[in-house]
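See structure below.
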Amino acid sequence: MNSENKHNDLQEILTQALEDLKNELGDKFDICKVNLAELERRTGISRSKLRTLKTNGFIVRPHGLTGKPSNNSKVIVGFTGVIDSLLAKGITNAAVAYEKVMEQGYTGSLSSIKSYIHDHKHLVPAKRQLVSPQGNRGRRYETEPGESYQMDWGFVNVETSYGKTYKIACFAMICHHCGQRYIEFFPNAKQENLFIGMIHAFIYMGIPKYVLTDNMKSVVIRRDSSGKPIWQKDYEIFMNNLGFETKLCKPRHPFTKGAVERLVRFVKENFLVGRIFNELTDLNYEALNWCNRQNRIYHRCVDCIPDEKHTSFCLKKAPLLEETIELSYYLCPERRISFDGFVTYEGRRFGVPYWYTEKICRVKREGYVLYIYDAKMTKTLTTHDITWSRHDSTCKDQYVTIQPEEIPSAPVKVQIYQVSPPEYNQGFLKFNFEEGLE
């Protein structure tokens, strides 16, 4: 198919969509005020392309480079299937596509990927339907260095190799002043994981003056008659121990903490796209490397390199958190020992030695090793290598090796006799020719 036929097909699709809108709206139809969002939904043409066509009266004109051979087509040959599969999923981020084809051996440039995505926008499914206007807009606000961090949870479905699906939680925290970010993945969004994520983020980014969050159940219980929040008791103790304050966002108003909302969306569209991992520990190592990489590049939304600005300004007001004995109690949550000598942590069961007679112990995961401590954190009971297998992991001395023995509870009166066994007559004795020579 030549380029002229392509332009004629595009013009035919556009003209048909305009005719349909004109028939539906009647006298209210104005070609100068046509809704581009609705036109994008009907035609599949991008909004920027429709704006350009609108300036030309919705007349498709040939591109200035029409007929000129492309220099990038030969470079992308063999990698178009990877990009087309991403476009079919609605992923138009050229940086994500560039990383995917780089893993497959692509040696071209990022601009070639951008050009290919621009020319194949028709593979992207329609984004949204026609909706009513949003009303009044919000207003952005700024904070001083080290003054405010924003935190939130994000969730993602994980599909296993045996066909089952489960959810994991992504803890996200970002500095509102410079855009320094930190993410960490957990099996769930329980309060103990919230504390662990916040401590790791404070070690990585420093402790701010206050943290901005929504109305989590693990943070606030309710508000009193005057609107003052009633904190969850464990979270209030956690705030006082670490020395920061918490500000809550207005309910059903996500724009108040839009920075972390955008970070969660960016993680889903950039880091998690097509991600394959073996276990949660590997995923967190990759997430930390991703944070380091993103914090060292320029971001237009904050007009700076977050790592440089955070080091120069924010860390002077938000010092890094140092690990202490008090923090170890938050990093090692309590677990109750079952009757068969196991503790449950992150969906797996790990054994505890039998000589530890208490009912409560503390558990901490560092990398690929799980540490089990006593309730007062005075000694290490045992360690386990984390394999993330569904089978129970036992430990040394989990069960008593000496079996119990019953003792007579009444005098024994029954008596029997035992005689010596007869001598065994070996068949080779008849060949003993030396017998009787003496």
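The values are calculated or read from the model by the stated rules, or taken from the named source; none is laboratory data. These figures come from a predicted structure and were not determined experimentally. Cβ coordinates were reconstructed from backbone atoms using ideal geometry, including for glycine residues, and neighbour counts include every protein chain displayed.
Of all residue pairs spaced 6 or more apart or on separate chains, those with beta-carbon atoms under 8 Å, a first member in segment 96-109 that is touching a residue at least 12 places away in the same chain (Cβ under 8 Å) and not assigned by TED's automatic domain parsing to the domain that holds residue 271 and a second member that is surrounded by 14 or more Cβ atoms within 10 Å (Cβ to Cβ) and charged (D, E, K, R) are 96/269.
Restricting attention to segment 335-356, and to residues there that are closer than 24 Å to residue 197 by Cβ and exposed (fewer than 13 other Cβ atoms within 10 Å of the Cβ), which single residue is modelled with the highest pLDDT?
Here is the first cut: in segment 335-356, the residues closer than 24 Å to residue 197 by Cβ are 335-336, 343-350.
Pick out the ones that are also exposed (fewer than 13 other Cβ atoms within 10 Å of the Cβ) and you get 336, 347.
Working: 336: 93, 347: 79.
Once the filter is applied, the top-ranked residue is 336.
Every residue, every condition in (1) exposed (fewer than 14 other Cβ atoms within 10 Å of the Cβ); (2) over 20 Å from the mean Cα position of the chain (by Cα); (3) under 30 Å from residue 361 (Cβ atoms), yes or no:
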| site | (1), (2), (3) |
| --- | --- |
| 267 | no, no, no |
| 270 | no, no, no |
| 282 | yes, no, yes |
| 287 | no, no, yes |
| 298 | yes, yes, no |
| 305 | no, yes, no |
| 318 | no, yes, no |
| 321 | no, yes, yes |
| 333 | no, yes, yes |
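If you go through segment 154-169 and pick out every residue that is out of contact with any Leu (no Cβ under 8 Å at 6 or more places or on another chain) and part of a strand (DSSP E or B), you end up with 9.
Scanning segment 246-262 for residues that are within 20 Å of residue 190 (Cα to Cα) and either outside the structural domain of residue 197 (by TED's automatic domain parsing) or assigned to a helix (DSSP H, G or I) (or both) turns up 260, 261.
For every residue, the table says whether it meets (1) farther than 22 Å from residue 123 by Cα; (2) small (Gly, Ala, Ser); (3) at pLDDT below 85.
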| residue | (1), (2), (3) |
| --- | --- |
| 16 | no, no, no |
| 24 | yes, no, no |
| 60 | no, no, yes |
| 74 | no, no, yes |
| 87 | no, no, no |
| 97 | no, yes, no |
